[in-house]
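Trainee: First, the structure itself, so that you have it in front of you.
The values are calculated or read from the model by the stated rules, or taken from the named source; none is laboratory data. Remember, predicted model here, so these are calculated numbers, not experimental data. Please note: Cβ atoms are built from the backbone with ideal geometry, for glycine as well, and neighbour counts cover all protein chains shown. All accessible areas refer to the heavy atoms of the entire protein, side chains included, with ligands and DNA or RNA removed. Shrake-Rupley method; radii C 1.70, N 1.55, O 1.52, S 1.80 Å.
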Amino acid sequence: MDKCGQIKKYQQTGAYVFMALPNQKHNAVDGGFHNSFNSGDELEGWLTQHPDYQNGNVGIDLSKSNLVVVDIDKHKHNGMKSIGAWFKAHSINPETIQDTYVERTPTGGLHAFFLIPTGREKPKHAINVIDGVDVLTNTAVTVAPSVIDNHNYRAITPFETIQEA
């Protein structure tokens, strides 16, 4: 899917999208990732004023959006191993993570996206809730079709599979 189509899908779910410079994760304009928009027209207007971001990476401002992301890293701790053990300890089939929209990050981790229904409170933002696994609710997250150091963020499951938290 092209970048405009993916941005539109994110915005249709209630996500606030921001743009980062090419090969970057962050927006360097005053306000940072809070320069985010739920409307394609507003985002386009912002891009007209900041043309360096036209071909940049795409991010979601989770602080404004009705989304929560479970970030399973493969950096300091192997979050894949940790979440697998957690699933096993709670008798949960690890393949259930694929029931929602999942993206692979450039470093081999996963971002699992969940919708927060209207009227329901988001879970607390938590880093290392288990080794290598974060629950992201009030920060920014880079998303497909972004590229960092020639490595893509890419969808593992169809966007339409996004589940309620």
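Trainee: Those residues that are open to solvent by less than 20 Å² (accessible area, probe 1.4 Å), under 13 Å from the mean Cα position of the chain (by Cα) and not hydrophobic (A, V, I, L, M, F, W, C), I need them from region 56-69; list them, please.
Mentor: Across region 56-69, the qualifying residues are 57, 59, 61, 65.
Trainee: Let me ask something else about it. Quick one: what pairs do we get from region 8-31, first residue in contact (Cβ under 8 Å) with a residue 40 or more places away in the chain, second surrounded by fewer than 16 Cβ atoms within 10 Å (Cβ to Cβ) and of a type in the set (Asp, Glu), C-beta under 8 Å, 6+ apart or different chains?
Mentor: 23/149
Trainee: Related question: Check whether at least one residue in region 22-35 is assigned to a loop (DSSP other than H, G, I, E, B), surrounded by 14 or more Cβ atoms within 10 Å (Cβ to Cβ) and out of contact with any strand residue (DSSP E or B) (no Cβ under 8 Å at 6 or more places or on another chain), and report yes or no.
Mentor: yes
Trainee: Which of the residues belonging to region 70-105 are buried (at least 16 other Cβ atoms within 10 Å of the Cβ) and in a loop (DSSP other than H, G, I, E, B)?
Mentor: 73, 100, 105
Trainee: Also, quick follow-up: Regarding region 40-55, can at least one residue be identified that is surrounded by 14 or more Cβ atoms within 10 Å (Cβ to Cβ), charged (D, E, K, R) and over 19 Å from residue 153 (Cα atoms)?
Mentor: Yes: region 40-55 contains one or more residues that are surrounded by 14 or more Cβ atoms within 10 Å (Cβ to Cβ), charged (D, E, K, R) and over 19 Å from residue 153 (Cα atoms).
Trainee: Let me ask something else. Across region 106-129, which residue is farthest from residue 25 (Cα to Cα) among those that are touching an Asp or Glu at 6+ places or on another chain (Cβ under 6 Å) and surrounded by 13 or more Cβ atoms within 10 Å (Cβ to Cβ)? If you could, list the steps in order and put the result at the bottom.
Mentor: Of the residues in region 106-129, the ones touching an Asp or Glu at 6+ places or on another chain (Cβ under 6 Å) are 109, 111, 115, 117, 127.
From what is left, the residues that are surrounded by 13 or more Cβ atoms within 10 Å (Cβ to Cβ) are 109, 111, 115.
On the way: 109: 15, 111: 15, 115: 22 Å.
Checked region 106-129; the qualifying residue farthest from residue 25 (Cα to Cα) is 115.
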